[in-house]
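To start, the structure under review is shown below, and the notes come after it.
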Amino acid sequence: AAKPLEVQQDLGIDTAMPATAPAMSARVEAAPVTMAASRTRLPDVEEIKSTLRPDETLVDSAASEMSAPVEGRSSFRKGFSLVIVLAILGAALYVSADSLKAAVPALAGVLDAYVSFVDSLRLQLDGLMQSATVAINGN
């Protein structure tokens, strides 16, 4: 009741390989693998270092590219700080609306509209959180 071993047919890999591959593999096998032979095959370190030294134009372009991410980070920081400051100012205006109405009666209509808008946002957020709590707890 044991299944016989399945054998895959020849895929023709040997015919797909280029003719230069056997010659290259023969050359690699024929090369001596000693420390002295490997040192002569390695390139000169000074020659590599001289090719890695940047030109003046490359340094200038690299410096301009390096300044761009710093601006990106500072703009994120500025934007985040702006949102936090606006939230604090909005909360301070909401909390001090009654005293501002008493001090400047002309702002009473605008402040009442602002306070009712913030109250409606608070009620919507409360409803959303209650439905999320019910969904999580299953009650």
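Worth pointing out:
- The spread of Cα positions in segment 99-139, taken along each principal axis and listed from longest to shortest, comes to 49, 14, 8 Å.
- Applying 1/(1 + (r/R0)^6) with R0 = 22 Å to the Cβ-Cβ distance of Val85 and Val118 gives a FRET efficiency near 0.80.
Readers should treat all values here as calculations from the given coordinates under stated rules, not as data from a laboratory. Keep in mind that what you see is a predicted model, and the values were worked out from it rather than measured. Cβ atoms come from the backbone with ideal geometry, glycine included; neighbour counts cover every protein chain shown.
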